[in-house]
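Below is one structure; the comments refer to it alone.
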Amino acid sequence: MTDLAALLQDIAGQMRSAEDRGKVADYIPQLARVDPGKFGIAVALADGTTHHAGDALEPFSIQSISKVFTLAIALGRLGDSLWNRVGREPSGLAFNSIVQLEYEQGRPRNPFINAGAIAVTDAILSGHQPREVLGEILHFIRVAADDPDIHIDEAVARSEQATGHRNFALAHFMAAAGNLRNAPDLTLGTYFHQCAIRMTCMQLARAGRFLMTAAGGARMVSADRVRRINALMLTCGHYDGSGEFAYRVGLPGKSGVGGGILVIAPGRASIAVWSPGLNAQGNSKLGREAVELLARKMGWSVFG
Ligand code: GLU
């Protein structure tokens, strides 16, 4: 049997010394300040044990990984009617692409590209104040992680608010197409704050446990939805790098431009990895390489 703790140490060692670390996101100025030398990895196993290596106890900006949690909340709240507003197909385009949204009359391809996630946040905002919705998102994540010490980084939220012109464009375009129910400022303010949640790899791996087993997840999300959220993570979780991630890693995952990736080995493990440098598709470069190594050594794959 593979010694997981030793394997994680080994992977962290390899990743720490890697020279080509990708490029830290700089379109959100506050994220550009993060040290590209960081690397952390944590695994929560189905048997309840956790293992970690590297900077796994240091918080980072989860960014788009938050879209998994808001999708779970929105499906719980609205059920399948959510799919009237957002699709379930891979986009094959950049995370913040505008062009497809216009072609497709303001209905985003999937809930994990920015436009789709903004529509999902808008859906859960209706009838509530932004602070109530942010409280609900934090509550969901804290319960999932079984850890109350998870917070929003206001400086990151403000930094993105000040520079998020593409996201404003996406939201206003959806408003023009009749696919936004709230004022774009309110929806985007909520979206920027959910993206600015800070978590450690350990917290994130623990928070992902609700997606690990359909049965185990039933406490928070129905078994059917757990399967479907995993299907969307596999097909759409890495923007225009989703096919490559599925090919190399063979597991559902969701990346964020903070350099984190949440990866689910169904029935076996919830994995969180963090390395701030990104590849050309905006996904953590070493994060992907690390989970590829881990999945191969452990024999974890949804493809048998
Ligand atoms: N807050 C980021 C944005 O909207 C999220 C993108 C990402 O993490 O991939 O641009």
Practice task
Report the paramagnetic label zone for Q105: residues of the stretch 62-89 whose backbone N is under 18 Å from a point 7 Å from Cα along the Cα-to-Cβ axis.
Solution key: 82-89
Practice task
Round to a whole angstrom and tell me the spacing of the C-alpha centers of the stretch 227-255 and the stretch 144-190.
Solution key: 23
Problem - Reference-scaled alpha-carbon Rg (2.2 N^0.38 Å with N residues) for the stretch 79-230 - result: 1.06
Handout entry: Fewest-first sequence of Y27, Y103, Y239 by Cβ atoms within 10 Å of each Cβ
Key = Y103, Y27, Y239
Practice task
Wrap a convex hull around the Cα atoms of the chain, take a quarter of its surface area, and give that in square nanometres.
Solution key: 13.7
Problem - Relative exposure of V68, V226, judged by other C-beta atoms within 10 Å (fewest first) - result: V226, V68
Exercise for the section: Output the relative contact order of the stretch 67-147, whole-number percent, from Cα pairs under 8 angstrom with separation of 6+ residues. Expected result: 35
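In percent, how large is the relative contact order of the chain, given Cα pairs closer than 8 Å and 6 or more residues apart? Present the calculation step by step, with values, prior to reporting the outcome.
Working: 636 pairs, mean separation 81.8, N = 304.
RCO, the chain: 27 percent.
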Exercise for the section: For the chain, compute the number of Lys pairs whose alpha carbons are separated by less than 16 Å, excluding pairs fewer than 8 positions apart on the same chain. Expected result: 5
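Taking the beta-carbon count within 10 Å as an exposure proxy, list R225, R142 from fewest neighbours to most. All intermediate terms of the calculation are to be shown ahead of the outcome.
Working: R225 21, R142 16.
Arranged by neighbour count, lowest to highest, R225, R142 become R142, R225.
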Handout entry: Equivalent ellipsoid dimensions for the stretch 179-304 as semi-axes, Å, which come from the Cα gyration tensor, largest first
Key = 24, 19, 14
Problem - CD proxy at 222 nm, helix term only [per DSSP H run n ≥ 4: -39500 (n - 2.57); per residue of the chain; nearest 500] - result: -13500 deg cm²/dmol
Handout entry: Charge dipole of the stretch 149-296 about the Cα centre (unit charges at C-beta), most positive-ward option of A171, S270, H193
Key = S270
Exercise for the section: Normalise the Cα radius of gyration of the stretch 1-136 by 2.2 N^0.38 Å (N = residues in it) and let me know the number. Expected result: 1.32
Practice task
Please give the net charge around Y191, taking every other residue with its beta carbon less than 13 angstrom from that of Y191, where Lys and Arg add +1 and Asp and Glu add -1.
Solution key: -1
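Bear in mind that the values in this text are calculations on the coordinates, not laboratory data. Not measured: the values here are computed from a predicted model. Virtual Cβ from ideal backbone geometry, glycine too; neighbours counted across all protein chains shown.
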